[in-house]
Amino acid sequence: MGQPLCYLDNNATTQVAPEVLEAMLPFLRERWGNPSSAYLFGHQLMADLDRARGQVAALLNADASEIIFTSCATESINTVFHNALLTQPGRRHVITTAVEHSATMKCCAQLEQRGVRVTYLPVDSGGALDLARLDEALTDETALASIMLANNETGVMFPVAEAARRCRERQVLFHTDAVQAPGKAPLDVRSWGVDFLSLSAHKLHAPKGIGALFARRGVKFQPYLAGGGQERGRRAGTENVAGMVAFGRAAELAREELARDIPRLRALRDRLEAGILERIPGTVRNGALEPRLPNTANLAFSGVEAEGMLLLLDQAGICVSSGSACTTGSLDPSHVLIAMGCAAARARGSLRFSFGRYNREADVDRVLEKLPGMVERLRELAPVD
Ligand code: PLP
């Protein structure tokens, strides 16, 4: 307590930017109407939503009419899978990768229970995808291929444009989970030729509870939620006006700041990564060096459990995350690291550090000052094989 927060978990969520908060506040304080109302107090909000839609579209090089606001990326992703199966009833097969976020993994597991065949494409030890495996998996029965743009745990990036091209040749719909990319990598749905793309506002310095789905113009679309006719009949539910305005402003900032943010994030990440590898014996990087998000480092510490490091780091006011998902007492090693061929012990001893717009050199200094002693202490106290 009393020490400033050292937040290095920006792949989990991000601080709301002051500019974003300022943009959204009028829609919570004074302009709180329902855009679907017939009277001006509500209806005039449509212009604000159009502006926000245009700002998100510009981030992706899409047309505003191709942006559907949702509640989160999880909803966007589930919508895409259900839509692809619903609009192509003869096709009962989908393709994804073994390292997707749980939003995709659990959606696919649910579909499997309903008799849909799912192919999980493997990755190599660096986390890279071999597109020959995608070619092999595509069939006339395939409704959708969903391949993430950047992995949330390792930052490893997949060749989405090439994957989309191969799917297009086989007339298979293509979706990418691009949640981790805004503000860290350029986005261009037009040149990539993707049919669908999912985003989440809280990963780019906007609040939680608002997501977006790009659906290419002309692609068949059935709403996932039954209800009102909002979002041109593509997503029911009264609009989260303040959230949409916030998302729009955050998208604008991410686009404007990208050229400055990328080298800045990379410099911080690289200094941290090199510093840890140099100062702490028995550490290795998880995931290939490139292509990788500039803000993410995933490191394995031999002979120590991530949970112990997280606890000590937390006591020092440092927020990072482990490669493992902690579920009601049982520690499952990360499915991403396991898919890359990591032994369970290595996966359990891995930490993810992810930088954002508000991190500074002092954050790197703090980790490099504190972590080596913590790891040493844990290795002495409770050695793990
Ligand atoms: N996809 C990826 C790659 C993510 O990192 C996340 C969030 O952690 C999601 C999807 C889910 O996003 P949301 O929290 O908006 O549902």
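The values are calculated or read from the model by the stated rules, or taken from the named source; none is laboratory data. The structure presented is a predicted model; accordingly, all values stated were derived computationally and were not measured. As a convention, Cβ positions derive from the backbone with ideal geometry for all residues, glycine included, and neighbour counts pool all protein chains shown.
Quick notes on this structure:
- Filter pass, E231 being in contact with a helix residue (DSSP H, G or I) (Cβ under 6 Å, 6 or more places away or on another chain), under 24 Å from F196 (Cβ atoms) and not aromatic (F, W, Y): no
- Flag if G115 is part of a loop (DSSP other than H, G, I, E, B), more than 16 Å from the ligand (Cβ to nearest atom) and not basic (K, R): yes
- Here region 265-284 is the region considered, the condition is being within 26 Å of the chain's Cα centre (by Cα) and outside any helix (DSSP H, G or I), and the residue that is nearest to T296 (Cα to Cα) is V284.
- Identification of helices (runs of 4 or more DSSP H) wholly contained in region 6-76 with 1 or more residues that are in contact with a helix residue (DSSP H, G or I) (Cβ under 8 Å, 6 or more places away or on another chain) and among the β-branched types (V, I, T) yields 18-24, 45-60.
- Look at region 64-89: where a residue is within 12 Å of the ligand (Cβ to nearest atom) and a partner is modelled with pLDDT under 95 and not acidic (D, E), sitting 6+ places away or on another chain with Cβ atoms under 6 Å, you get T79/Y224.
- Check on G243, part of a helix (DSSP H, G or I), within 21 Å of R31 (Cβ to Cβ) and within 12 Å of the ligand (Cβ to nearest atom): yes
- Test for L199: is it more than 16 Å from the ligand (Cβ to nearest atom) and either surrounded by fewer than 21 Cβ atoms within 10 Å (Cβ to Cβ) or not charged (D, E, K, R) (or both): no
- Scanning region 144-203 for residues that are farther than 22 Å from R352 by Cβ, assigned to a loop (DSSP other than H, G, I, E, B) and acidic (D, E) yields a total of 2.
- Residue selected from region 86-104 under the condition in contact with a helix residue (DSSP H, G or I) (Cβ under 7 Å, 6 or more places away or on another chain) and not in a loop (DSSP other than H, G, I, E, B), by the criterion farthest from D177 (Cα to Cα): V94
- All positions within region 25-45 that are in contact with a Pro (Cβ under 8 Å, 6 or more places away or on another chain) and either under 19 Å from R249 (Cβ atoms) or of a type in the set (S, T, N, Q) (or both): L45
- Scanning region 181-194 for residues that are away from the ligand (no atom under 11 Å from the Cβ) and either on the phi > 0 side of the Ramachandran plot or out of contact with any helix residue (DSSP H, G or I) (no Cβ under 8 Å at 6 or more places or on another chain) (or both) yields G183, R190, G193.
A quick yes/no check of all residues on (1) within 22 Å of E169 (Cβ to Cβ); (2) within 16 Å of the ligand (Cβ to nearest atom); (3) of a type outside the set (A, V, I, L, M, F, W, C):
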site	(1), (2), (3)
I95	yes, no, no
E100	no, yes, yes
D124	no, no, yes
R133	yes, no, yes
L149	yes, yes, no
T154	no, yes, yes
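- If the condition is being basic (K, R), in a loop (DSSP other than H, G, I, E, B) and surrounded by fewer than 19 Cβ atoms within 10 Å (Cβ to Cβ), then region 336-372 contributes only R360.
- Members of region 57-79 found to be of a type in the set (S, T, Y) and buried (at least 23 other Cβ atoms within 10 Å of the Cβ), listed by number: T70, S76, T79
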